[in-house]
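Here the structure comes first, spelled out in structure tokens, and everything after it is commentary.
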Amino acid sequence: MNVRTVATLALAALGLTVLYADVVTGLVRAWGTNDDYSHGFLVLPFCAYFVWERRRRLTVLDVQPSSIGLAVVLMSLLVFAAGDLGAELFLARVSLIGVLAGSVIFVLGWRHVRTLALPLCFAVLMIPLPAIVFNGIAFPLQLMASSAAEHTLAALNVPVLREGNVILLATVTLEVAEACSGIRSLVSLLTLGIVYGYFTEERMSRRVILAAATIPIAIAANAIRVAGTGVLAHAAGPAVADGFFHTFAGWIVFMVAVAMLFLLQYLLRLADSGPAPTPLVSEMTL
């Protein structure tokens, strides 16, 4: 890159720092106070690593600036203004990624932004979802987990009655609250699945399968956790449904979900290897 390009990028970085200072600090604050997005502290370093890993490919690409990038920047700034005026943090935060992508297109060209597609897309995971979207995902997950727990308890001959996301047992009433919906482990496992697939698999198809599989795995693991909590609460009392035991069970089930992800990768590789080829002509012993 020539001096003009470097100077342009430096000025753009300075402008973004000033404009998005409050947005970035608020985002970091959200990671520290909202357990559902604490994984954001890991997303940012991985994004930086993905960019650094592509540094040689970026340096050999021809610089072909495109005016479309300026349009992308302007549209992203309009999204930022709408989010700022409407107090919608998601719009203000996600506009930063649009500004970054548009700046790369405008200054360097489409080939550079395609090379940086992974870190730019991966960065979306560190942005908390809007409340309406979050609740629209969390509530069905709560119902799925409570329904799975009800059927599991009934299959074990444990007297149980479910009303929505509330499970009524003989000795205790369990509420599958928003924190128990499994969305926290789902987002964390999805992040882990993307990173794990990137570092361990060369084929894009396998990476996509591993990332996509984290969603049903996380849902199934959370259903197991809720059902197990109900069984333990019935057998040992309500104390196991709260406090240390509840938190510890969450970590155990998350590790089980990670093990299921590893098992899936093993099965994918086993399926690709296939059975040993059968010789067309049998060997004869003389």
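Take the range 135-192 and flag every residue that is surrounded by fewer than 19 Cβ atoms within 10 Å (Cβ to Cβ) and among the acidic types (Asp, Glu).
The answer is 163, 175, 178.
Do you know which residues across the range 152-198 are in contact (Cβ under 8 Å) with a residue 60 or more places away in the chain and touching a strand residue (DSSP E or B) at 6+ places or on another chain (Cβ under 9 Å)?
Those that are in contact (Cβ under 8 Å) with a residue 60 or more places away in the chain and touching a strand residue (DSSP E or B) at 6+ places or on another chain (Cβ under 9 Å): 153, 160, 167, 169, 174.
Pick from 102, 109: which is at positive phi and in contact with a helix residue (DSSP H, G or I) (Cβ under 9 Å, 6 or more places away or on another chain)?
109
Table: residues versus (1) in the same structural domain as residue 53 (by TED's automatic domain parsing); (2) modelled with pLDDT of 85 or more; (3) closer than 30 Å to residue 44 by Cβ.
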{"position": "181", "(1), (2), (3)": "no, no, yes"}
{"position": "194", "(1), (2), (3)": "no, yes, yes"}
{"position": "236", "(1), (2), (3)": "no, no, no"}
{"position": "241", "(1), (2), (3)": "no, no, no"}
{"position": "247", "(1), (2), (3)": "no, no, yes"}
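Going through the range 217-227 one residue at a time, which ones are at pLDDT below 90 and either hydrophobic (A, V, I, L, M, F, W, C) or surrounded by fewer than 17 Cβ atoms within 10 Å (Cβ to Cβ) (or both)?
Matches in the range 217-227: 218, 219, 220, 221, 223, 224, 226, 227.
Looking at this structure, is residue 8 modelled with pLDDT under 85, crowded, with 16+ Cβ neighbours inside 10 Å and among the β-branched types (Val, Ile, Thr)?
Spelling it out, residue 8 is indeed modelled with pLDDT under 85, crowded, with 16+ Cβ neighbours inside 10 Å and among the β-branched types (Val, Ile, Thr).
Any chance the range 228-237 includes a residue that's in a loop (DSSP other than H, G, I, E, B) and either under 30 Å from residue 158 (Cβ atoms) or hydrophobic (A, V, I, L, M, F, W, C) (or both)?
If we filter the range 228-237 for residues that are in a loop (DSSP other than H, G, I, E, B), which is where we start, we get 237.
From what's left, either under 30 Å from residue 158 (Cβ atoms) or hydrophobic (A, V, I, L, M, F, W, C) (or both): 237.
Taking every residue of the range 228-237 in turn, at least one turns out to be in a loop (DSSP other than H, G, I, E, B) and either under 30 Å from residue 158 (Cβ atoms) or hydrophobic (A, V, I, L, M, F, W, C) (or both).
Which residues, taken from the range 100-128, are under 21 Å from residue 17 (Cβ atoms) and among the aromatic types (Phe, Trp, Tyr)?
Of everything in the range 100-128, just one residue is under 21 Å from residue 17 (Cβ atoms) and among the aromatic types (Phe, Trp, Tyr), namely 106.
Please work out which residue is surrounded by the fewest Cβ atoms within 10 Å (Cβ to Cβ), limiting yourself to the range 249-286 and to residues that are among the aliphatic types (A, V, I, L, M) and at pLDDT below 65.
Among residues in the range 249-286 that are among the aliphatic types (A, V, I, L, M) and at pLDDT below 65, the one surrounded by the fewest Cβ atoms within 10 Å (Cβ to Cβ) is 286.
Within the range 39-107, considering only helices (runs of 4 or more DSSP H) that don't extend past its boundaries, which have at least 1 residues that are over 27 Å from residue 188 (Cα atoms)? Working first, answer last.
On the way: elements: 40-53, 55-60, 68-85, 89-107.
So the answer is 55-60, 68-85, 89-107.
Just to verify a result, which residue in the range 11-60, among those that are at pLDDT 85 or above and among the charged types (D, E, K, R), is surrounded by the most Cβ atoms within 10 Å (Cβ to Cβ)?
Filtering the range 11-60 for residues that are at pLDDT 85 or above and among the charged types (D, E, K, R), the one surrounded by the most Cβ atoms within 10 Å (Cβ to Cβ) comes out as 54.
Specify which of the listed residues (149, 170) is modelled with pLDDT under 85, of a type in the set (Gly, Ala, Ser), in a helix (DSSP H, G or I) and not assigned by TED's automatic domain parsing to the domain that holds residue 83.
Criteria check complete, one pass: 149.
The values are calculated or read from the model by the stated rules, or taken from the named source; none is laboratory data. Note that the structure is a prediction, hence the values are computed from the model and not measured. Neighbour counts run over all protein chains shown; Cβ positions are idealised from the backbone, glycine included.
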